[in-house]
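Here is the structure we will look at, set down as structure tokens.
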Amino acid sequence: MKPSLLDFTKEELAQALSPSFRAKQVFKWIYQGYVDDIEAMSNLPKAMREHLGQTYDLTPLHVVREEISQDGSAKVLFQLRDGHTIESVLLPMKEEVVDEEGRRVSHPKFTICISSQVGCKIGCTFCFTAKGGFVRNLSAGEIVGQVLAIKKRHNIAPERRVNIVYMGMGEPLDNLPEVVKAVKIFADIDGLSISPKRQTISTSGLSHQIKKLGEMNLGILLAISLHAVDDALRQELMPINKAYNIASIIEAVKAFPIDERKRVMFEYLVIRGRNDDLGSAKKLVTLLHGIKAKVNLIYFNPHEGSAYQRPELKAMEAFRDYLNAHGIVCTIRQSKGLDISAACGQLKERSTHDRT
């Protein structure tokens, strides 16, 4: 199987191509020209185009299914070159604003949630992806290719920035080298030019990897999938807590470099009757003392076979209000895509079932 051009940083491509300045041209064709064919790179010599075509692949994945929600979010199922499938989600955050004369006042804003692995090792009991087990890590090109394909497919202009969240299938810090490489490819000024400050890595709490990521000081944002305030419940929800308990996570987060204008995001999946009470809210305030934190309350997204239930709105609001009243910024994430296969891994599972 040929290596993909999307697997290379610009610096790596410069080492592979001669003369090296061609790397910048190739980068611009891929990420700013949106070309799908190496032959379309018209300012490259014909011999180089032939060499690139014979040596490299341009497309590490392709769309096999897409579901569009009434709220405008899109769930995309990609097939990789080895036949495995992964999912990504396009989330519209702000609509385009047009004045009375039809002139655009502001562009629409999007977040793209991407996968970092085929399957996942973590085994969270509430997660649909866990049903399929772990298959393999994604390459940097397979990670980058998700964003590139979605921007093309949904006519998001190359110069329009998007926010990227490594929160799809897989544990990003379990694939740290390729994820870090993807961060750098995304950020390249001759590529998509998506600053690390627009990229958020969400982790289930691999403490030693949080430390490694922090030492790299990439400027990336960090989100922690916490979901519980004591080890007993967290271990039930997330078996990884046996190896990386809450105390080790909090210690790693306190050492993580964060821009003074930013906060560490703590994702808290709220499950009815399990972690939605004010006693849990009080413990969370104590736990996050001394951290510049923001808590994002997430409704549990119901799916087939789950023993957990969606919390009531009044419980979510009471939890949020308690945290805000005690000095912790807290919001409730509005669920999107409830009318489509919204849970991570759900579209993959349904598509596999449809073929059997």
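The values are calculated or read from the model by the stated rules, or taken from the named source; none is laboratory data. On a predicted model such as this, the values are computed, not experimentally measured, just so you know. Using ideal geometry, Cβ is built from the backbone for each residue, glycine included, and neighbour counts are taken over all protein chains shown.
Take the residues of the stretch 1-33 that are at pLDDT 95 or above and touching an Asp or Glu at 6+ places or on another chain (Cβ under 6 Å): which is farthest from residue 147 (Cα to Cα)? Within the stretch 1-33, the match that is farthest from residue 147 (Cα to Cα) is 24. Every condition in (1) buried (at least 16 other Cβ atoms within 10 Å of the Cβ); (2) in contact with a Ser or Thr (Cβ under 8 Å, 6 or more places away or on another chain) is met by residue 236 except one, and the failing one is (1). Taken residue by residue, the stretch 171-186 has no member that is over 14 Å from residue 87 (Cα atoms), part of a loop (DSSP other than H, G, I, E, B) and modelled with pLDDT of 95 or more. Does residue 213 satisfy being surrounded by 15 or more Cβ atoms within 10 Å (Cβ to Cβ), assigned to a strand (DSSP E or B), in the same structural domain as residue 148 (by TED's automatic domain parsing) and in contact (Cβ under 8 Å) with a residue 24 or more places away in the chain? In short, no. Residues considered: 72, 33. Of these, the only one that is surrounded by fewer than 17 Cβ atoms within 10 Å (Cβ to Cβ), of a type in the set (Gly, Ala, Ser) and outside the structural domain of residue 5 (by TED's automatic domain parsing) is 72. Only a single criterion out of (1) part of a loop (DSSP other than H, G, I, E, B); (2) of a type outside the set (Lys, Arg); (3) over 16 Å from the mean Cα position of the chain (by Cα) is not satisfied by residue 205, namely (3). Could you list, in sequence order, all residues of the stretch 104-130 that are modelled with pLDDT of 70 or more, of a type outside the set (Gly, Ala, Ser) and either out of contact with any strand residue (DSSP E or B) (no Cβ under 9 Å at 6 or more places or on another chain) or part of a strand (DSSP E or B) (or both)? Scanning the stretch 104-130 gives 109, 110, 111, 112, 113, 114, 117, 118, 125, 127, 128.
The condition (being modelled with pLDDT of 95 or more and either in a strand (DSSP E or B) or of a type in the set (Ser, Thr, Tyr) (or both)) is satisfied by just one residue among 164, 143, 150: 164. Is it the case that residue 161 is more than 25 Å from residue 304 (Cα to Cα), touching a residue at least 60 places away in the same chain (Cβ under 8 Å) and out of contact with any strand residue (DSSP E or B) (no Cβ under 6 Å at 6 or more places or on another chain)? It is false that residue 161 is more than 25 Å from residue 304 (Cα to Cα), touching a residue at least 60 places away in the same chain (Cβ under 8 Å) and out of contact with any strand residue (DSSP E or B) (no Cβ under 6 Å at 6 or more places or on another chain).
Among the residues of the stretch 126-145, is any more than 25 Å from residue 31 (Cα to Cα), of a type in the set (S, T, N, Q) and in contact (Cβ under 8 Å) with a residue 12 or more places away in the chain? There is at least one residue in the stretch 126-145 that is more than 25 Å from residue 31 (Cα to Cα), of a type in the set (S, T, N, Q) and in contact (Cβ under 8 Å) with a residue 12 or more places away in the chain.
Taking the listed residues 238, 316, the one that is touching a His at 6+ places or on another chain (Cβ under 7 Å) and either closer than 19 Å to residue 203 by Cβ or in the same structural domain as residue 203 (by TED's automatic domain parsing) (or both) is 238, with no other qualifying.
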